[in-house]
Amino acid sequence: GKPERQVAVFGAGYIGLVTGACLAELGHRVVVRDIDPDKVALLRSGDVPIYEPGLGDMIVRNKERLTFTLDLEETLRGAEIAYVCVDTPPSASGDADLSRIWSVVKSLEGAAHLKAVVVKSTVPVGTGARVRSALDAAGLAHVGYAANPEFTAEGRAVADFMRPDRIVIGAADEAVAQLIADLHDGVDGPVVVMDVRSAEMVKLASNALLATKISFINEIATLCEKTGADVEEVARAVGLDHRLGPHFLRPGIGWGGSCFPKDSEALRQLASNTGYHLQLLSAVIEVNNLQKRRAIQKLKDELGTLAGMRVALLGLTFKPGTDDMREAPSTVLAGRLLAEGAEVSCWDPMARPGEVEPWVSTTRHATPEEAMAGADAVIVVTEWPQLKEVDWAKAAESMRRPVLFDGRNLLDPAGMRALGYTYMSVGRP
Ligand code: UDX
């Protein structure tokens, strides 16, 4: 096998934890550093601050090779490779906020024993070149640089790391690219090496194209509603064309999460900064915004008004299998409903929305049935499997008005209508 490496991972967030744990699983010695004392304390006690299948077990299994610290010196001692996995949230200008990246780069000054600095965080194209210059200026010209973007989806991050569709490595230097490729020895996926800027672009382009597929099928769904076609049939047959593929053609109330909204906005901003307006991507974002508002409009049309109505939201997280509320469509729906004067009751098995608006003005229930009791309408927002088990007949009877908007096409239209629901979904007749 390839040599075991000593790796310093900066950032114990979603990506840093998955990267650190998986590199340890591959046999490397890994120190993960974070500046949040609570997070580090939690990790040291064997707990994981995020929900991700397989991650907790992997961290425990590799505790000999995987440590967590606040201490910079301990992180860098003997380190050969520094992985930058800090977050790059949107800033007020719409550009990605790279301040956390710069603070890590600054902390590397003096780490002359490093072989390479690798940025895994999602960054604007050109960031690597700037990090390179900063390293040169800090007397680290001999330390290599690589971009190594991640393509992991929440809920399957460990599997995505260990069996990826591709490992993208951007590096100016062949030896550095080889070092990072060797670090992944044992990972089951093709390595694709390119220049740094292209590697940075791959990440942004991939997410934008995935978001485009969803917005596209959502627009077709709207047109299906207007023409009497069934988008589920359309998507199934369109997806059988191997050039198009079956994935990311599920219509719904729009995409959310920690990546698509942030990265598509960052890519649009990146283009604007060069003087070019990305027209297609702008439309993709706009369609996604509209998709959430259309759901509310449909309810409003059905109920006449939303003022004084009680609406139940089932599922709050941006997708099932996660506790992540970032850019969840439910937040827009709840906010719009409250703005229209409705009362909002909700259910979700995992969400932790926090003590913020609109959530402080809603009522959380332990079961979907409880959330629906006495409601004038219900919206299926997130396709949690638990919703398949609901006694929908009984739930209909408990509602003031059995109006159901199925935002994920989870339920059977004819069956729900037979139970007495005024049933609406996305793009189905
Ligand atoms: C995504 C990318 O898949 C991943 O490669 C990237 O690294 C990070 O962003 P993630 O945000 O975890 O991962 O979620 P994903 O499962 O891709 O879903 C994103 C959003 O699109 C969700 O809100 C989901 O509900 C929505 N979606 C997805 C659809 O509405 N229709 C689909 O067909 C697929």
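Structure above, values below:
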quantity	calculated
Kirkwood hydrodynamic radius (C-alpha pairs) into Stokes-Einstein, the chain, 20 °C and 1.002 mPa s, D in µm²/s	92 µm²/s
Computed over the range 112-196: relative contact order in percent, which uses C-alpha pairs under 8 Å that are six or more apart	29 percent
Radius of gyration and maximum dimension Dmax of the range 1-58, Cα, Å	11.4, 37
Förster radius 51 Å - calculated FRET efficiency between Asp412 and Glu74 (Cβ-Cβ, nearest 0.05)	0.35
Alpha-carbon Rg/Rh ratio, for the range 141-278, with Rh computed the Kirkwood way	1.06
Share of Cα-Cα pairs in the range 6-194 lying beyond 20 Å, as whole percent	51 percent
Euclidean distance of C-alpha centroids, the range 336-350 and the range 156-220, integer Å	38 Å
For the range 6-194: relative contact order, % (alpha-carbon pairs under 8 angstrom, 6 or more apart)	20 percent
With at most 10 neighbouring Cβ atoms within 10 Å, loop GluC sites (Glu not before Pro) (DSSP) excluded, longest segment of the chain	65-354
Dimensions in Å of the range 131-202 - Rg and Dmax from alpha carbons	13.3, 41
Diffusion constant of the range 370-425 at 25 °C, which comes from Stokes-Einstein with the Kirkwood Cα-pair radius and 0.890 mPa s, µm²/s	222 µm²/s
Antiparallel bridges, percent of DSSP beta bridges restricted to the chain (to nearest 5)	5 percent
Exposure proxy ranking, count of Cβ atoms within 10 Å, fewest first, for His242, His365	His242, His365
Label-to-label distance, nm, for residues given as Thr363 and Arg401 (7 Å Cα→Cβ offset)	1.8 nm
Fewest-first sequence of Thr305, Thr69, Thr19, Thr363 by Cβ atoms within 10 Å of each Cβ	Thr305, Thr363, Thr69, Thr19
Mean Cα-pair separation over length for the chain, i.e. relative contact order, pairs under 8 Å, 6 or more apart, %	12 percent
Estimated FRET transfer efficiency (Asp241, Met194; beta-carbon r; R0 22 Å; 0.05)	0.20
Largest-first ellipsoid semi-axes for the range 345-395, taking √(5λ) over the Cα gyration tensor eigenvalues, angstrom	20, 13, 9
Cα pair distances in the range 280-367, grouped into 5 Å bins until the bin that holds the longest one, percent each	3, 14, 24, 23, 19, 12, 5, 1, 0
Gain in span if fully extended, Asp97 to Asp301, counting 0.36 nm per residue against the direct Cα distance	69.4 nm
Cα-based Kirkwood hydrodynamic radius, the range 260-425, one decimal, Å	16.6 Å
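Throughout, read-outs are computed from the coordinates displayed, never taken from laboratory work. The structure presented is a predicted model; accordingly, all values stated were derived computationally and were not measured. Reconstructed Cβ throughout: ideal geometry from the backbone, glycine too, with neighbour counts over all protein chains shown.
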